[in-house]
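Notes for the one structure printed next.
Every number in this text was worked out from the coordinates using simple rules, so none of it is lab data. Not measured: the values here are computed from a predicted model. A quick note on method: Cβ atoms are made from the backbone with ideal geometry, for glycine too, and the neighbour counts reach across all protein chains shown.
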Amino acid sequence: MLENTYENTPKAHEALFSSLNSPHAQFCLDVGHLMSFAKTPWQNWLPKLTPWLGQLHLHDNDGTNDQHLGLGLGNFHFKEFFTFLSKNNLHPIVTLEPHSEDDLWQTLEFLDDTGYLDQIS
């Protein structure tokens, strides 16, 4: 898995995965990194990298830094994101990355409320 970190666009990832042309090379989309480092929306990334999507790192932030908040406590638009995953029948490995126990419980409640837990279980 190759994860997005400080890149502003998916161009380097797309070029690499296309060149490798391997089912073993996959993309890990870290949604918190998109907001805090790339400053670009997931809509610029996921449609282009869907063929290689293997994992998600899910946490939230307000866009100022990599806060690792519970889902729903920052500015990421998860409901639209989950709808895209569902409509495109995408089932990547999900890693939850909140940095506190309270944020973990918030994340699990948020996932349950959005119905996303039903999609991945």
Computed over region 6-79, the relative contact order (Cα-Cα under 8 Å, seq sep at least six) in percent reads 31 percent
Rounded to the nearest 10 degrees, the helix 101-114 long axis (Cα) sits at an angle to the longest Cα principal axis of the chain of 80 degrees
In debye to the nearest 20, the charge dipole size for the chain, taken about the Cα centre with +1 at each Lys and Arg Cβ and -1 at each Asp and Glu Cβ, equals 720 debye
Taking N as the number of residues in region 2-120, the ratio of its alpha carbon radius of gyration to 2.2 N^0.38 Å works out to 1.02
Rounded to the nearest 10 degrees, the helix 11-20 long axis (Cα) sits at an angle to the longest Cα principal axis of the chain of 60 degrees
Trypsin sites (Lys or Arg not before Pro) in region 1-101 lying in a DSSP loop, each with at most 11 other Cβ atoms within 10 Å of its Cβ, come to LYS39
Restricting to lysines and to Cα separations under 16 Å from LYS48, and discarding same-chain partners fewer than 8 apart, the set is LYS11, LYS87
Taking Lys and Arg as +1 and Asp and Glu as -1, residues besides ILE93 with C-beta under 14 Å from its C-beta add up to -3
For LYS79, counting only aspartates and glutamates whose alpha-carbon sits under 17 Å away and dropping same-chain residues fewer than eight positions off, the answer is ASP30, ASP60, ASP62, GLU109, ASP112, ASP113, ASP118
GNM on the chain, Cα springs under 10 Å; top mean-square fluctuation among GLN55, GLN43, GLN67 goes to GLN43
In degrees, nearest 10, the alpha-carbon axis of helix 78-87 is tilted away from the dominant principal axis of the alpha carbons of the chain by 50 degrees
